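Worksheet: the structure to be examined is printed underneath.
Just so you know, all these numbers are worked out from the coordinates, no wet-lab data involved. All of these numbers come straight from a predicted model, not from anything done at the bench. Here the Cβ positions follow ideal geometry from the backbone for every residue, glycine too, while neighbour counts run over all protein chains shown.
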Amino acid sequence: MKGPQTDWWKNSVVYQIYPQSFQDSNNDGIGDLNGIRSRLDYIESLGADTIWLNPIYVSPLVDNGYDIADYRAINPMYGTMEDFDALLAEAHAKGIRIIMDLVVNHTSDQHDWFIQSKSSRDNPYSDFYIWKDAKEDGSLPNNWGSTFGGPAWTYVPERDQYYLHCFAKEQPDLNWENPAVREAVNDDMRFWLDKGVDGFRMDVISVISKDPAFPDNDGRYTYTKSYYMGASNGPRVHEFLQEMNEKVLSHYDVMTVGETPNTTTDQALLYTDPERKELNMIFQFEHMHLDYGKYGKFSVERAPLADLKENLSKWQYNLEQGWNSLYWNNHDQPRAVSRYGDDGKYRVESAKMLGTLLHGMKGTPYIYMGEELGQINPVFPSLDDYQDIETRCFIDLLRENNEPESFIREVCHNGSRDNARVPMVWDGDQPNHGFSSHEPWLPCSKANQEISVKNALKDPDSVFYHYRKLIALRKTLPVLRDGTYTLLLEDHPQIFAYKQTDGSDTLYVICSFADGTIPFSIQDLPLSNQEKSNLNHAQLLLSGYPDTPQEIEKIHSLRPYESLMILFPGQPD
Ligand code: TEU
Ligand code: CA
């Protein structure tokens, strides 16, 4: 929407949709825009008010749409521009906003700009990408690696030069130093904003400005030593974003969230402090890296609870002037229940606990489709079924390293991006889980067959209804938006507890990561004297178990993965 900016996004809960896998409307096995449109009621019933759509533009899909060949056209497999307009209009009529994925660190190698740019050293698009000569000894311009493996440079004989690609070779990096590139991006953004979209999630936006010296990384370009070290938070990134804000974003009432790998809280403030007029919030990655092992995200390790507490609390404390985005899942991550909870016996309880922990914090929560059901990592019938480029490259690397197949299977099961990308489970009794009558582009997950929308809606104690309550609380409890966070029981080995207070209300969030029953009573918390003498005023807003006593003094233990939200409302008379 045109007009002055408001901060509506501070009250929002975002629901992320991976279009390929949400709902197929024309039975070709691929999710599409009309499919999403047919499911808006579901999103409305959950209570989420903003949808983030992963890329739906024309793309050869080398990286599932993060390689865009035309920023202004819909990939025909998802439908038409008319379908998009209808989706946007219908969502808006329900009060649901839609934000788009803006992928402008790189384009597809099939984008017109690149096809021209690579054709010669002198063409109008010659400087749209990052071209470098070989070093004097004939070696690559530097030792940067591509995120998916191998060097970040590819040679083009027509120019006798290399171009940079931080991701696949089919994803050449744009040259943001060139003002014409920035103007072209601005124009593409205006195209969507003038249609009425409500903002952007900006793909790897922390990577757009490269160190002009293009220094070598201190390591070889292995899988884990990729582009990050050389290209994150480069010297002009804030200047570029301020320019984008001034020229484009400030003219619309929209939200922005930047995906910014390798960003500290200090850097996050530079991106999100409203005074600086850059972005509204960023996706930080530190908590996603706590369980990284020898092969990065492909590891068998678990994040230690102490590290999780320390890290998430740091982001709550340090981003007071900025704004946090809160997430466990997205299309690049395995399922949170499998990763931090228990995807067997206590799946429901641990999914509710993780939801409670996140939604009690300050920031804008993001829910990745299926998270609200407590979906778990699928078991792929064979390694050949993985389709994601990152996973495929990684399997090749591990085979080259002579790792045993059983190990490769295990780490793919734990870490592959395809864990999140399998078709949504609407109804496990229907062919292909109600996603499509055609065999889907990625196998349906047997492990998730019963974890369906149909079953969740029938069960009042489902993860779905728990998420619905969490979302409703965000809309009604100002302390969730305006509170100040304090970590509690810092050294407790099994409980993650914190409070939020806004001077009137105080909210206590208590989450157990134990798979057995552990002692706990409200008296264990550092309550104020006033709270201690008003225990009968405390309200149990939410619990992960249906039968937690409403009178909080009667709580003497936490059952496996139990979570509680307790409110001490305003000043009692
Ligand atoms: O991801 C960038 C990123 O930093 C990672 O999460 C990355 O995808 C990888 O999983 C690291 O292990 C964004 C998109 O979300 C991702 O889907 C794209 O593949 C990537 O950018 C390139 O556009
Ligand atoms: Ca389809």
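Going by neighbour counts of Cβ atoms within 10 Å, the residues GLU136, GLU158, GLU177 line up, fewest first, as GLU136, GLU158, GLU177.
Taking a straight line from the alpha carbon of LYS94, these lysines sit under 29 Å away, with near neighbours fewer than eight places off in the same chain left out: LYS2, LYS10, LYS195, LYS352, LYS362, LYS454, LYS458, LYS469, LYS475. Charged neighbours of PHE283, selected by a Cβ distance under 11 Å, balance to -3 (K, R count +1; D, E count -1). Using the Cβ-Cβ distance between TRP8 and ASN402 with R0 set to 60 Å, the FRET efficiency from 1/(1 + (r/R0)^6) comes to roughly 0.65. The long axis of helix 389-400 is offset from the longest Cα principal axis of the chain by roughly 80 degrees. Within the straight-line cut-off of under 22 Å between alpha carbons, the lysines reachable from LYS294 are LYS225, sequence neighbours fewer than 8 places apart in one chain being disregarded. Using the alpha carbons alone, the radius of gyration of region 1-149 stands to its Kirkwood radius in an Rg to Rh ratio of 1.09. You can think of it this way: the chain between ASN123 and LEU269 has 48.6 nm of extra reach, that is 0.36 nm per residue less the Cα-Cα gap.
Axis angle, to the nearest 10 degrees, between helix 405-415 and the longest C-alpha principal axis of the chain: 70 degrees.
Listed by chain and number, the aspartates and glutamates placed with their C-alpha closer than 19 angstrom to that of LYS132 are ASP109, ASP122, GLU158, ASP160, GLU170, ASP173, GLU177, ASP211, ASP216; residues fewer than eight positions away on the same chain are left out. Across region 118-125, computed HN-Hα scalar couplings (Karplus, 6.51 cos²θ - 1.76 cosθ + 1.60, θ = phi - 60°) run 7, 6, 6, 7, 10, 8, x, 9 Hz from first to last residue, x flagging Gly and Pro. Listed values for region 283-298 are Karplus-derived 3J(HN,Hα) couplings in whole Hz (6.51 cos²θ - 1.76 cosθ + 1.60, θ = phi - 60°), namely 8, 8, 10, 4, 6, 6, 9, 5, 10, 5, x, 3, 9, x, 5, 7, and x replaces Gly and Pro. Shape class of region 455-560 from the Cα gyration tensor (axes a ≥ b ≥ c, square roots of the eigenvalues): oblate, since a/c reaches 1.5 or more and a/b does not exceed b/c. Modelled spin-label separation between ASP385 and HIS289, with each label point placed 7 Å from Cα along the Cα-to-Cβ direction: 3.3 nm. Computed across the chain, the Kirkwood radius stands at 24.7 Å (inverse of mean 1/r, all Cα pairs). Here's how it looks for TYR129: its modeled amide H is under 5 Å from those of ASN175, which are all 5 or more places away or on a different chain.
The GluC sites (Glu not before Pro) of region 269-346 that DSSP puts in a loop, and whose beta carbon has at most 14 other beta carbons within 10 Å, are GLU301, GLU320.
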